[in-house]
Each structure stands twice: as C-alpha cells, then as structure tokens.
Amino acid sequence: MKHLGDITRINGAKIEPVDCITFGSPCQDLSIAGKRSGLSGERSGLFLDAIRIIREMREATNGAYPTFAVWENVPGAFSSNGGEDFRTVLEHLAGLGEPGVSIPRPKGRWRKSGVISGDGWSLAWRTMDAQYWGVPQRRRRIALVLDLGGERAGKILFER
C-alpha cells in the first residue's frame with residue numbers, strides 16, 4: 001500500500017490506476033456521539049475528495065479504473081441529517097457509474113443492509129459488528145461496496 005499524503009491534494013488522474021479504492025471518511029461528523037454536522041462537516045466532508053479522486057481516475061482511464069470502491073463508516077450515517085447524508089453517499093457513489101442518477105430516500109429509516117443496481121454498476125451496504133470478526137468488543141460499522149463493472153456488489157458483501 002502506498003501512502004499518497006493529504007487527500008485534498010491527490011489528483012486521481014495523476015496516480016497509478018488501481019482496481020479498488022477503499023476509504024472511510026472521518027466519522028466524527030456522522031456519529032451519534034459527535035456534533036452531527038454530517039457530510040457538510042469539516043472532517044466527514046473529506047468523503048467528497050474520495051469521490052473526486054475516483055472520478056478523476058475513471059476519466060483518465062476511460063472508465064477502466066477503479067472497478068471497485070469500498071467505503072466504511074459508523075451506523076450514525078444512516079440517521080445523520082434525517083437520513084439525507086446516507087442518501088447522498090449512495091447517490092455520489094452510484095453517480096460514478098451513472099452520472100445524474102437519483103437515489104430516493106426511503107420512507108422511515110434506512111435498512112441496515114441493501115443493494116441498488118443500475119446500468120453496468122451496483123452497490124451494496126451492510127452493517128457489521130467487529131465482535132463477530134474476532135475483535136473482543138462491540139464495534140458496529142457500515143461496509144459499502146461499489147462495483148463499477150457490473151452487478152457483483154451484493155455477491156461480494158453477502159455471499160459466503
């Protein structure tokens with residue numbers, strides 16, 4: 001793994017293309033224990049820099065790279081700004097595969113897992129708890145997989 005430095009200064013078109021970009025925007029602004037500034041907060045707003053880098057790399061490689069993106073964050077993202085922040089996350093990620101796509105917010109709460117697909121892309125999310133993965137503590141996190149090359153996101157996240 002290469003450390004590329006400050007995310008706000010990385011140009012996705014000028015770095016080596018990769019198959020998968022993983023990121024977890026800082027959670028303090030989304031966490032129920034935080035100030036709940038949401039994606040407009042100074043720290044969690046770095047999510048948009050990751051989206052920019054992915055878009056720049058895809059434009060520089062004619063859509064070939066990256067094929068996958070993985071985002072991780074706290075379950076507070078589901079309820080931040082009345083659920084609008086999670087909808088925004090989904091829409092920005094889906095928009096990498098289908099510009100202008102609109103992801104509606106559900107009536108009520110976001111489900112703890114789900115799959116959305118479009119023309120040549122898919123994304124899936126799931127809430128996981130570290131206690132079931134060999135860590136001696138309860139630590140719930142949202143794991144989200146974006147497949148920009150097809151409909152494999154659900155298989156990656158849900159199939160054993």
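The values are calculated or read from the model by the stated rules, or taken from the named source; none is laboratory data. Since this is a predicted model, take the numbers as computed values, not measurements. We place every Cβ from the backbone using ideal geometry, glycine too, and count neighbours over all the protein chains shown. The accessibility values were calculated without ligands, DNA or RNA, using every heavy atom of the protein model including side chains. Shrake-Rupley method; radii C 1.70, N 1.55, O 1.52, S 1.80 Å.
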Would you mind calculating the relative contact order of the chain from Cα pairs under 8 angstrom and at least 6 residues apart, reporting the percent as a whole number? 20
The chain, accessible surface, carbon-and-sulfur percent (1.4 angstrom probe): 50
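How would you order 104-111, 16-23, 151-158 from highest to lowest mean count of nearby Cβ atoms within 10 Å?
Highest mean packing first, the order is 151-158, 16-23, 104-111.
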Dividing the helical contributions, -39500 (n - 2.57) per DSSP H run of n ≥ 4, by the residues of the chain yields a 222 nm value, nearest 500 deg cm²/dmol, of -6500 deg cm²/dmol
Using label points projected 7 Å from each Cα along Cα→Cβ, tell me how many nm separate Arg105 and Ile7, to one decimal. 2.3
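Give me the 1.4 Å probe accessible area per residue for the chain, excluding ligands and nucleic acids, in Å². Numbers along the way, then the final one.
Numbers: 9380 Å² over 160 residues.
Accessible area per residue: 59 Å².
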Glu91 paired with Ser113, simple spin-label distance in nm, labels 7 Å along Cα-to-beta-carbon: 2.7
How far is helix 47-60 tilted off the main Cα axis of the chain, in degrees rounded to 10, range 0 to 90? 20
Relative contact order (percent, whole number), region 94-160, Cα cutoff 8 Å, 6+ residue spacing: 29
Rounding to the nearest 10 and keeping the result within 0 to 90°, find how far the Cα-based axis of helix 84-97 lies from the longest principal axis of the chain. 20
Any idea how far apart Arg140 and Lys155 come out in nm if each label point goes 7 Å out from Cα toward Cβ? 3.0
